[in-house]
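Step one of this worksheet: look at the structure below.
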Amino acid sequence: MSNKHQHSFQAEVAQLLHLVTHSLYSNKEIFLRELVSNASDACDKLRFEALNDPALYEGQPNLEVRVSFDKAARTLTIADNGIGMSQQEAIEHLGTIAKSGTKDFMSRLSGDQKATASEQGQLIGQFGVGFYSGFIVADRI
């Protein structure tokens, strides 16, 4: 079951998102890579958090990113079983350009955890613009 909430950006923010996404990305297809990398980061976030609290896996230790589409509805769904933003974080940050949940998460890691994540290069979305790439191809996200 999915909880859906609808929030609209103010007209000025919507125009800014359009400018940012179309200037950052020259190829429309890049949005898929960006959104999949966000899902991958959510899985990595769960993996790191579960080192201290294995119960976070909720009985599903296999982390995954799923991409599916509905041709008739003309929708593409990218889903993961990691840890993303909370509802409150989404409300606070989605209208903010370059606010990276990954970067915030990295700043909270301990020294050893941060070194491991950096060495492995596993956390990708540190610039806070990946989510907005979806606006290149979609009217609604």
Requested in this report: May I ask you to list the residues in segment 34-78 that are in contact with a strand residue (DSSP E or B) (Cβ under 8 Å, 6 or more places away or on another chain) and among the acidic types (Asp, Glu)?
Outcome: Glu64, Asp70
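When segment 52-70 is examined, which residues are found to be within 19 Å of the chain's Cα centre (by Cα) and assigned to a loop (DSSP other than H, G, I, E, B)?
Passing the criteria: Asn62, Leu63, Glu64.
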Report task. Please name all residue pairs, on different chains or six or more residues apart, with Cβ atoms under 7 Å, provided the first residue is in segment 70-84 and is under 17 Å from Ser133 (Cβ atoms) and in contact (Cβ under 8 Å) with a residue 12 or more places away in the chain and the second residue is surrounded by 11 or more Cβ atoms within 10 Å (Cβ to Cβ) and small (Gly, Ala, Ser). Result -> Ile78/Ala39; Asp80/Ala39; Asp80/Ala42; Gly84/Ala42
Query raised in the report: Could you list, in sequence order, the residues of segment 79-90 that are exposed (fewer than 15 other Cβ atoms within 10 Å of the Cβ) and in contact with a strand residue (DSSP E or B) (Cβ under 8 Å, 6 or more places away or on another chain)?
Result: Ala79
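Would a scan of segment 119-137 turn up a residue that is at pLDDT below 90, more than 16 Å from the chain's Cα centre (by Cα) and surrounded by 11 or more Cβ atoms within 10 Å (Cβ to Cβ)?
Yes, that holds for at least one residue.
So that you can scan it fast, the table gives a plain yes or no per residue for (1) basic (Lys, Arg); (2) at pLDDT 95 or above:
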position	(1), (2)
Leu35	no, no
Asn38	no, no
Asp41	no, no
Lys45	yes, no
Glu49	no, no
Asn52	no, no
Gly59	no, no
Glu64	no, yes
Lys71	yes, yes
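The values are calculated or read from the model by the stated rules, or taken from the named source; none is laboratory data. Keep in mind that this is a model prediction, so the values were computed, not measured. Reconstructed Cβ throughout: ideal geometry from the backbone, glycine too, with neighbour counts over all protein chains shown.
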